[in-house]
Amino acid sequence: MVIHPVFKTGPRAQYSGGRTPESRLEEACGLARAIDLNVVAAECVRINDPKPNTLMGSGNVERIAERVKAEEIDLIVFDASLTPVQQRNLETEWKAKVIDRTGLILEIFGERARTREGQMQVELAALSYQRSRLVRSWTHLERQRGGFGFIGGPGESQIEMDRRLIDERIVRIKKDLEDVKRTRALHRQARKRVPYPVVALVGYTNAGKSTLFNRLTNASVMAADLLFATLDPTMRRVHLPSGREIILSDTVGFISDLPTELVAAFRATLEEVLEADVILHVRDVAHPETDGQKADVEAVLAGLGLGHEVTDTMFEILNKIDLLDEPARDALLTQASRDQRQMPISALTGAGIDGLLAAVDARLAAQRRVETYRLGHDEGAAQAWLYSHGEVLERVDDEDVTEITVRLAPEDVQRFERQRSDKANAMNKDNR
């Protein structure tokens, strides 16, 4: 059974992006189905005065208890955050297991994580969540005797022992994730030396990121009509129309009320977005709550420190236009024609993909610097390097030198000038 609480008062009374309780309930059902739960009942429950012990009033608790018994329900998913005490009390009243929204999303992530890094990130989030809920796990909190003989005082309680073990495990995982963070930083430095610009896909879960990723890279990343179908980040090389190569990065999908434990645990992965040269925000424009989903994604990105990029440098990929009727599609195309940052596409059919690649190509070209170099005729290797790493705009040959005007990425300008400087220093040293 899935329950979405509708709060009449308090900080939880507002819905992000003006989304309706019914759409939030449907999303919660989708999360439950994502791990193969059989949803036999779902309802919105209005809560006028949240109770500290059960969150909802006694009348609703009794009514739901009767339905749980009648329909032989084993698990209740509560689409909100529950305190450990509320969770325990509801389980006692309903005689069934109760999990809240955070617990459900952690279950999904735990099932979907495939790489060692993803598994560590999920375990860290789960341990942080579990640590605050140890009170649920133990009823025998009597103290054990510690020490030896008469000098021994009261030992650790079971709950204190478990909390200590969890804390030790959290420290070990964080240390391992720091190693992952350093490894990712080294990989980014290596890509800058190559270098390939990085284009990152972000978006609400099930917006079509993986389908678009497969379309652009001819890859076979799992893509399904399922919330959080893919979890582990994937990178592939893509050729743009100009011949330039980029690295396309598919990241984990976002969702409203994404648990803070998960945001913290996946920061190492999400840092790939921070380092991206271009960000593509993939939106499901056929979804009735597409504006609310957009607001949720932008809130997460702003929390990562991408506030400026959200408004200025990010493309909005208006996906799934094939699901719109003709009047809605025409209106969307007209709207997008007035905003160069909006790209209507269908990742499934391929409509608009060529325009998207051209726009990314143009954006990357605009980020490059135009430099002019005068090279001697004996510097053939340097000329070849400029042709292979940049876009040669003009070349003028005379008797003594060749003057080349080239468009290069800023890091390539630094690399080329450093190489020429090192070579000149080496020649001066040999001459001395």
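Numbers at a glance
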{"item": "In the stretch 355-384, the residues that are more than 26 Å from Ile404 (Cβ to Cβ) and without any contact (Cβ under 8 Å) to a residue 40 or more places away in the chain", "result": "Gly355"}
{"item": "Residue match in the stretch 146-159 (condition: modelled with pLDDT of 85 or more, over 30 Å from Val273 (Cβ atoms), of a type in the set (Gly, Ala, Ser) and surrounded by 12 or more Cβ atoms within 10 Å (Cβ to Cβ))", "result": "no"}
{"item": "Count - residues of the stretch 393-413 that are within 19 Å of Gly376 (Cα to Cα) and exposed (fewer than 13 other Cβ atoms within 10 Å of the Cβ)", "result": "7"}
{"item": "Selected residue (criterion: surrounded by the most Cβ atoms within 10 Å (Cβ to Cβ)) from residues of the stretch 236-261 that are modelled with pLDDT of 85 or more and in a loop (DSSP other than H, G, I, E, B)", "result": "Leu240"}
{"item": "Identity of the residue in the stretch 331-354, of a type in the set (Gly, Ala, Ser) and in contact (Cβ under 8 Å) with a residue 40 or more places away in the chain, that ends up least open to solvent (accessible area, probe 1.4 Å)", "result": "Ala347"}
{"item": "For Glu26: the one exception among (1) at pLDDT below 90; (2) open to solvent by 20 Å² or more (accessible area, probe 1.4 Å)", "result": "(1)"}
{"item": "The stretch 355-405: number of residues that are basic (Lys, Arg), in a strand (DSSP E or B) and under 22 Å from Val278 (Cβ atoms)", "result": "1"}
{"item": "Residue under evaluation Val39, criteria (1) without any contact (Cβ under 8 Å) to a residue 60 or more places away in the chain; (2) outside any loop (DSSP other than H, G, I, E, B); (3) surrounded by 13 or more Cβ atoms within 10 Å (Cβ to Cβ), criterion not met", "result": "(2)"}
{"item": "Residue list for the stretch 206-235, filter: assigned to a loop (DSSP other than H, G, I, E, B), modelled with pLDDT of 65 or more and open to solvent by 10 Å² or more (accessible area, probe 1.4 Å)", "result": "Asn206, Gly208, Asn218, Ala219, Ser220, Pro233"}
{"item": "Residues located in the stretch 396-430, provided they are over 44 Å from the mean Cα position of the chain (by Cα) and free of Cβ contacts under 8 Å to residues at least 12 places away in the same chain", "result": "Val396, Asp397, Asp398, Glu399, Ala424, Asn425, Ala426, Met427, Asn428, Lys429, Asp430"}
{"item": "Pairs, first without any contact (Cβ under 8 Å) to a residue 12 or more places away in the chain and at positive phi in the stretch 315-330, second in a loop (DSSP other than H, G, I, E, B) and among the charged types (D, E, K, R), C-beta under 7 Å, six or more apart", "result": "none"}
{"item": "Where Val370 falls short, out of the listed (1) of a type in the set (Val, Ile, Thr); (2) open to solvent by 50 Å² or more (accessible area, probe 1.4 Å); (3) out of contact with any strand residue (DSSP E or B) (no Cβ under 8 Å at 6 or more places or on another chain)", "result": "(3)"}
{"item": "Unmet criterion (only one of (1) touching a Leu at 6+ places or on another chain (Cβ under 9 Å); (2) surrounded by fewer than 16 Cβ atoms within 10 Å (Cβ to Cβ); (3) modelled with pLDDT of 85 or more) for Lys175", "result": "(1)"}
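The values are calculated or read from the model by the stated rules, or taken from the named source; none is laboratory data. Note that this is a predicted model, so its numbers are computed, not measured. So basically every Cβ, Gly included, is an ideal-geometry build from the backbone, and we count neighbours across all protein chains shown. The area values use the complete protein model at the heavy-atom level, side chains included, leaving out ligands, DNA and RNA. Shrake-Rupley method; radii C 1.70, N 1.55, O 1.52, S 1.80 Å.
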